[in-house]
Amino acid sequence: MSELFIKPTTARITSLDAIRGIAVLGIFIVNILGFGLGDVSFYNPNLAGGDGLLNDGLWTFQAIFVEGSMRGLFTLLFGAGIVLFTSRAAFPDGRIEIADLYYRRTMWLIVFGLVHSYLLLGPGDILLIYGIAGLFLFPFRILRAKTHFILASVMLLLIVLINFNDEMTEKQLSDQAAEIEQSISAGHPLRKQRPVC
């Protein structure tokens, strides 16, 4: 009888596979910048070389319409994959087996992410990030949608606060650098100051 429950979850869902393929190609478009111009190109491609209307236009297009959309889509599909993969755990016969398979799958994701990050020199590899996140996500699959929404909102708020703090620190350093440049151009000698940390 339990076979009736397990069979549908083992079948591939073609539409999800197709959307996942689109997301992977979209992320590849984003990563082309990093592969060709280095990490700085994600913020300003002109610093690594290349300028002009076509290059700036393509960079702007991918920054607005591709990068966030494809990363978000890929992450949603990662979550959907976890739900589909672990849905058998809701039935008595599958609970332990699914947890075992889930964590084996997650560990392999981490292994591939480590190989890509440190042997193939692709720092910040998304597989490693998903693998590490996956270690903690298994218990969350049974929470209600409202609880997921609340947790996601709190995490988003924390990310905004952390990024705001980083931006303010960067602005402070930028202002100090501008003051130093003005002082040098005015011919004033530089004073030794304690580094800001």
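The values are calculated or read from the model by the stated rules, or taken from the named source; none is laboratory data. Values in this document were obtained by computation on a predicted structure and should not be read as measured data. Using ideal geometry, Cβ is built from the backbone for each residue, glycine included, and neighbour counts are taken over all protein chains shown.
Assess whether L135 counts as being in contact with a Ser or Thr (Cβ under 8 Å, 6 or more places away or on another chain), assigned by TED's automatic domain parsing to the domain that holds L76 and either in contact (Cβ under 8 Å) with a residue 60 or more places away in the chain or not aromatic (F, W, Y) (or both). Let's see the steps before the verdict.
Numbers: in contact with a Ser or Thr (Cβ under 8 Å, 6 or more places away or on another chain): yes; assigned by TED's automatic domain parsing to the domain that holds L76: yes; either in contact (Cβ under 8 Å) with a residue 60 or more places away in the chain or not aromatic (F, W, Y) (or both): yes.
Judged against the criteria, L135 is a match.
Among the residues of the range 23-59, those identified as under 17 Å from the mean Cα position of the chain (by Cα) and loosely packed, with under 13 Cβ neighbours inside 10 Å are L25, F28, I32, F35, D39, Y43. Considering only residues of the range 91-106 that are surrounded by 13 or more Cβ atoms within 10 Å (Cβ to Cβ) and either touching a strand residue (DSSP E or B) at 6+ places or on another chain (Cβ under 6 Å) or assigned to a helix (DSSP H, G or I) (or both), which is modelled with the lowest pLDDT? It comes out as R95.
Has the range 139-151 got any residue that is among the aromatic types (F, W, Y) and at pLDDT 90 or above?
Start the filter on the range 139-151 by keeping residues that are among the aromatic types (F, W, Y), which leaves 140, 149.
This time we only want the ones that are at pLDDT 90 or above, so: 149.
Looking for residues that are among the aromatic types (F, W, Y) and at pLDDT 90 or above, one finds at least one in the range 139-151, hence yes.
Do we have D51 as touching a helix residue (DSSP H, G or I) at 6+ places or on another chain (Cβ under 9 Å) and not in a helix (DSSP H, G or I) here? Answer is yes for this residue. The set of residues in the range 130-149 being surrounded by fewer than 16 Cβ atoms within 10 Å (Cβ to Cβ) and assigned to a helix (DSSP H, G or I) consists of I132, A133, L135, F136, P139, F140, I142, A145, K146, T147, H148, F149. Is there a residue in the range 117-125 that is free of Cβ contacts under 8 Å to residues at least 12 places away in the same chain, over 20 Å from F78 (Cα atoms), in a helix (DSSP H, G or I) and assigned by TED's automatic domain parsing to the domain that holds L73? Yes: one or more hits.
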